[in-house]
Amino acid sequence: MKRTKTHCIHGHAYDAANTYVDGQGYSHCRACDKARTAKYRAANAEKVRETHKNSWASRRERVNASNRLRRSVPLALIAAAPDLLEACKEFVRKVDCGEARSVRSYAQMKAAIRKAEEGAEG
């Protein structure tokens, strides 16, 4: 018969505040995880700093590109320019699959695409 563990191997209690369950159903000690993370970050400070900087830089670049696209041309003119319409469709595709985020731009671009497609049909 298998007993339920009450403490981790380092003696921390497995209670609601100190335990999390991963995607595979295994229990982990938050205190041990916190200590392990702190030890890794101390030993790899430069790598951690560089990774953090790069992730924010890439996000900032995506947001800036989205803002430039949104501000560059009035949305009413998008239907008249096929390359702009394609850029809008690409942006909407990226938002749909989670590569970019901008709710306001997304709604405006979606409306511009719908308007252009309605104009093309009529």
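The values are calculated or read from the model by the stated rules, or taken from the named source; none is laboratory data. Values in this document were obtained by computation on a predicted structure and should not be read as measured data. Quick reminder, even Gly has a Cβ in these numbers, built from the backbone with ideal geometry, and neighbours come from all protein chains shown.
In region 9-66, which residues are in contact with a His (Cβ under 7 Å, 6 or more places away or on another chain) and either in the same structural domain as residue 90 (by TED's automatic domain parsing) or acidic (Asp, Glu) (or both)?
22
If you scan region 54-67, which residues turn out to be more than 12 Å from the chain's Cα centre (by Cα), surrounded by fewer than 12 Cβ atoms within 10 Å (Cβ to Cβ) and either closer than 15 Å to residue 92 by Cα or of a type in the set (A, V, I, L, M, F, W, C) (or both)?
57
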